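Read through the structure below, which is laid out as structure tokens, and then see the notes.
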Amino acid sequence: MKFNTKAIHAGQKPEETTGAVMPPVFQTSTYAQKAPNDNQGYDYARVGNPTRTALEKMIAGLENADECACFSSGVGAIDAVIKTLRPGDHVISTNDLYGGTYRLFTQVFEPYGIEFTFVDMTRTEEIEKAVKKNTKLIWIETPTNPLLRIIDIKAAAKIAHKAGALSVVDNTFASPYLQQPLELGADAVMHSTTKYLGGHSDVIGGAVATSNKELMEKLRFQVKTSGAVPGPMDCYLTLRGIKTLHVRVERSVQNAKKIAAFLQDHPKVESLYYPGLKSHPQHELAKKQMSDFGAMVSFSLKDDSVEAASAFMSNTKIFTLAESLGGVESLISHPASMTHGSIPKAVREKAGLMDSLIRLSVGIEDAEDLISDLKQAF
Ligand SMILES: *Cc1c(COP(=O)(O)O)cnc(C)c1O
């Protein structure tokens, strides 16, 4: 099956007792057993739920993975991956990382004895240099948030394998429609399904998909044991969102390209970050490893101050000032004070995340209206 067909049908079949085309919301905490341990594949809903199974099969299908485990949030999914490691293990990741991931790594897992090194992963040699005897995981996020840098998944996965480590890609920003990390050699893909997969800003969720049996066994153990599981209604909403993933992302990308072209010529814009621009430092790599350039656009202002950025963001009428991304509606955010507020200013600026940086999550409204909105906000 090709992608658009999979987005509707992967792993789905009509419900057996009624023929319901969409999976019912199995709102139950437990399941009747015929005799102890004689059940129909489900015993307790922390461990499994048929609505969740339908979602897991769908995401596995979209990522070309054998299996997927779903979680109650994206960070819940990341938490489960890191818990497959042990104290003394070492993780390499990028210095331009989602703020919540950085916080989880440095404030929860570092104190428990897992070591992290953050490098500029757009430079493959930096990843190689960071490898140590105890390196067990390379955590890749590409395009990165919010600077939309592109990391070479194939090269990073190769380094991981040479080191006997796993490579996991946070594919939230691209979505499986635009980027297929397992095809590029990664061992697992993680999603905040809150974003493009859910797509309607109405549900929080996370997922990890992989064909690595040993890793999936450990993740299922985490599902059962740490219990960051999504409820059936959340799974249903996410699954419903996924069915239009390809249509939504395609339109968002079209709009993002038009907006990037508008911002590129604007006299008040200092730097523009969009992988689709020829001037983007990893444009060629983006062209190679993604099927299109995504719908996130970031830019900084000539007047590099929090005040100038705040004034601009308060002026937009269609772009809603809010955290998150990947929904049908366009959002605008200020990484330095919002999503990346937990990263110290010095660390932030070293990574190029300036005070006036503004991030757009471009939705599926009319591009003309979105551009007029930005025009009047300037
Ligand atoms: C939002 C996000 C997360 C965290 O996901 P939640 O669903 O908010 O817990 C992780 N990585 C990236 C790239 C994100 O955008």
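The values are calculated or read from the model by the stated rules, or taken from the named source; none is laboratory data. Given the structure is predicted, the values throughout are model-derived calculations rather than measurements. Cβ coordinates were reconstructed from backbone atoms using ideal geometry, including for glycine residues, and neighbour counts include every protein chain displayed. Each accessible area value is taken on the protein alone, full model and side chains, heavy atoms only, with ligands, DNA and RNA left out. Shrake-Rupley method; radii C 1.70, N 1.55, O 1.52, S 1.80 Å.
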Take the chain, connect every pair of alpha-carbon atoms lying under 10 Å apart with a spring to form a Gaussian network, then pick out the residue of Gln33, Gln254, Gln289 with the largest mean-square fluctuation. Gln33
State to the nearest 20 debye the size of the charge dipole of the chain about its Cα centre, where the only charges are +1 on K and R beta carbons and -1 on D and E beta carbons. 600 debye
3J(HN,Hα) from dihedral phi, region 272-284, Karplus parametrisation 6.51/-1.76/1.60, rounded to Hz, x for glycine, proline: 10, 10, 8, x, x, 7, 4, 7, 5, x, 10, 4, 5
How would you classify region 81-146 from its alpha-carbon gyration tensor, with a ≥ b ≥ c the square roots of the eigenvalues: rounded for a/c under 1.5, else prolate if a/b is greater than b/c, otherwise oblate? oblate
In square angstrom, rounded to the nearest 10, how much accessible surface does Thr84 have for a 1.4 Å probe? 30 Å²
Before I look further, what does region 1-137 give for accessible area per residue, probe 1.4 Å, in whole square angstrom? 51 Å²
Sort the chain into rounded, prolate or oblate with this rule: let a ≥ b ≥ c be the square roots of the eigenvalues of the Cα gyration tensor; rounded if a/c is under 1.5, and if a/c is not under 1.5, prolate when a/b is larger than b/c, oblate otherwise. oblate
Restricting to Cα pairs under 8 Å and 6 or more apart, the percent relative contact order of the chain works out to 17 percent
Quick check: residue separation of His266 and Lys317 times 0.36 nm, minus the Cα distance between them. What number comes out in nm? 16.4 nm
Tell me, what HN-Hα J-couplings in whole Hz come from the Karplus equation 6.51 cos²θ - 1.76 cosθ + 1.60 at θ = phi - 60° for each residue of region 315-320, using x for Gly and Pro? 7, 6, 10, 8, 5, 8
Restricting to region 126-238, what percent of DSSP beta bridges are antiparallel, rounded to 5? 40 percent
Note: Thr117 to Ser305 extended length (0.36 nm per residue) minus current alpha-carbon separation gives 64.7 nm
Counting only protein heavy atoms and a 1.4 Å probe, tell me what percentage of the chain's accessible area is made up of carbon and sulfur. 52 percent
If I take every Cα pair under 8 Å that is 6 or more residues apart in region 245-377, average their sequence separation and divide by the length, what percent do I get for the relative contact order? 30 percent
First measure r as the distance between the Cβ atoms of Glu15 and Glu329, then evaluate 1/(1 + (r/R0)^6) with R0 = 45 Å and state the FRET efficiency to the nearest 0.05. 0.90
Once R0 is set to 22 Å, what does the formula 1/(1 + (r/R0)^6) return for the Cβ-Cβ distance between Lys129 and Arg103, expressed as a FRET efficiency to the nearest 0.05? 0.30
Cross-link list Lys154/Lys243; Lys195/Lys375; Lys136/Lys158; Lys57/Lys154: which exceed 18 angstrom alpha carbon to alpha carbon? Lys154/Lys243; Lys195/Lys375; Lys57/Lys154
Residue-level accessible surface for His9, protein heavy atoms, 1.4 Å, Å²: 100 Å²
Considering only DSSP beta bridges where both residues belong to the chain, give the percentage that are antiparallel (nearest 5). 55 percent
Rounded to 0.05, the calculated FRET efficiency for the beta carbons of Lys345 and Asp202 at R₀ = 35 Å is 0.55
Using Cα-Cα distances under 8 Å and only pairs 6 or more residues apart, what relative contact order does region 1-79 have, in percent? 29 percent
Take the chain, connect every pair of alpha-carbon atoms lying under 10 Å apart with a spring to form a Gaussian network, then pick out the residue of Met121, Met58, Met233 with the largest mean-square fluctuation. Met233
How would you order 195-201, 257-263, 296-302 from highest to lowest mean count of nearby Cβ atoms within 10 Å? 195-201, 296-302, 257-263
Inter-site label distance for Thr30 and Ser372 at 7 Å from Cα along Cβ, in nm: 5.9 nm
So which aspartates and glutamates can Lys268 reach, going by Cα to Cα under 16 Å and dropping same-chain residues fewer than 8 places off? Asp303, Asp304, Glu307, Asp355, Asp373
For the chain, set up a Gaussian network in which alpha carbons nearer than 10 Å are linked by springs, and say which option among Gly48, Gly100, Gly19 fluctuates the most. Gly19
